[in-house]
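The values are calculated or read from the model by the stated rules, or taken from the named source; none is laboratory data. Because the structure is a prediction, the values reported are computed rather than measured. Note that we place each Cβ from the backbone using ideal geometry, even for glycine, and neighbour counts take in every protein chain shown.
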Amino acid sequence: MEYTASEIEEILLEPKVEYPTRSRKRAKVKEIRQKKQSRPYPNPKVKGQFPTSPAQVEPYLLPIYARNEAQEQFLWDLLHTEISFCSGIAGTGKTLLAVSHCVELLCKEAVEKIILCRPAVEADEHIGFLPGGVREKLDPYLYPLYDALEQKLVHVPGGGKRLIESWITQGMVEIAPLGYQRGRTFRNAAVLLDESQNATYSQLKMFLTRIGENSHMVLTGDLGQSDIGWKSGYEEVLQRVYGSFPVVGFSEADCVRSENCKVLTRLLV
């Protein structure tokens, strides 16, 4: 087959295919490794490395979405108001949504710390005196809050439990009993009071009046599961603040824990 002069010139001018040599492959691998090492967040595959500052944690947060109208309203209130109230039956996601909001505020650096409170009331069972300091004594009462924190931080490299311990050590997360809040002022903090139905009216009044500048406060509870009976002041507080602050009520239809939980809450009224 004979080629014309123009075809021969075109063939000669075609770009040659350069096959990667061993040295080029090594250079490419080195470049990729340097890019991984220079990224702003620690490498999850490297043992012992995990983000510590809230800003580094934000990309790893588990996104929480509303699954019904009541949750959607509660999330809207959390985002647009500084004080929010909610009450509803078990399994409606009250604690998880509130904890998730507090963590997001901390990671966006809208607040400097999270304060988690819960009345130290046992569910019709007295386990006696507990050993240890304040935190060791309160830990059994605060397991639901720890579970919600770990669920929100489940994708954090190194584990959410390890990060929670780090934040507690640094003072960015504070676990405090409700009874120890008198005289304090919450500034630049996201504050959550869980199981508010187990607090008296005077305790709730004391707690609510602690709020200071640039603080967000959330109260959650279930009026149908009070362990202190007629002494509970949460219902009266909700009646008094209704109209001035957002109050969201969760019904049986809003239960998202499981179908069995929804059935049991209806049967055990």
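Of all residues in the stretch 236-260 being within 26 Å of the chain's Cα centre (by Cα) and among the acidic types (Asp, Glu), which is modelled with the highest pLDDT?
Checked the stretch 236-260; the qualifying residue modelled with the highest pLDDT is Asp254.
What number of residues within the stretch 223-260 are part of a strand (DSSP E or B) and in contact with a helix residue (DSSP H, G or I) (Cβ under 8 Å, 6 or more places away or on another chain)? Break it down stepwise before answering.
In the first step, residues of the stretch 223-260 are kept if they are part of a strand (DSSP E or B); the result is 232, 242, 245, 247-250.
From what's left, in contact with a helix residue (DSSP H, G or I) (Cβ under 8 Å, 6 or more places away or on another chain): 232, 247-250.
Going through the stretch 223-260 one residue at a time, the tally reaches 5.
So, in the stretch 62-91, exactly how many residues are under 25 Å from Ile211 (Cβ atoms), touching a residue at least 24 places away in the same chain (Cβ under 8 Å) and not acidic (Asp, Glu)?
14
Given the residues Arg135, Arg210, Arg187, which is the only one that is at pLDDT below 90 and more than 22 Å from Ile89 (Cα to Cα)?
Numbers: Arg210 fails: at pLDDT below 90; Arg187 fails: at pLDDT below 90.
Sole residue among the options that is at pLDDT below 90 and more than 22 Å from Ile89 (Cα to Cα): Arg135.
Among the listed residues Val269, Val263, which satisfies the condition of being assigned to a loop (DSSP other than H, G, I, E, B) and at pLDDT below 95? Give the derivation first.
Values: Val263 fails: assigned to a loop (DSSP other than H, G, I, E, B).
That would be Val269, the only listed residue that is assigned to a loop (DSSP other than H, G, I, E, B) and at pLDDT below 95.
With respect to Gly183, determine if the residue is out of contact with any Gly (no Cβ under 7 Å at 6 or more places or on another chain), at positive phi and free of Cβ contacts under 8 Å to residues at least 12 places away in the same chain. Even if it seems obvious, please write down each step before you answer.
Details: out of contact with any Gly (no Cβ under 7 Å at 6 or more places or on another chain): yes; at positive phi: yes; free of Cβ contacts under 8 Å to residues at least 12 places away in the same chain: yes.
Taking the combined requirement at face value, the residue satisfies it.
In this structure, is Gln56 assigned to a helix (DSSP H, G or I) and modelled with pLDDT under 95?
Details: assigned to a helix (DSSP H, G or I): yes; modelled with pLDDT under 95: yes.
So Gln56 passes the test.
Looking at the stretch 213-266, which of the residues that are surrounded by 14 or more Cβ atoms within 10 Å (Cβ to Cβ) and small (Gly, Ala, Ser) is nearest to Leu106 (Cα to Cα)?
In this case the residue turns out to be Ser215.
Would you confirm whether or not the stretch 197-211 contains a residue that is β-branched (Val, Ile, Thr) and either buried (at least 16 other Cβ atoms within 10 Å of the Cβ) or in a strand (DSSP E or B) (or both)? Spell out the reasoning first.
Filtering the stretch 197-211 for residues β-branched (Val, Ile, Thr) gives 200, 209, 211.
This time we only want the ones that are either buried (at least 16 other Cβ atoms within 10 Å of the Cβ) or in a strand (DSSP E or B) (or both), so: 200, 211.
Yes, that holds for at least one residue.
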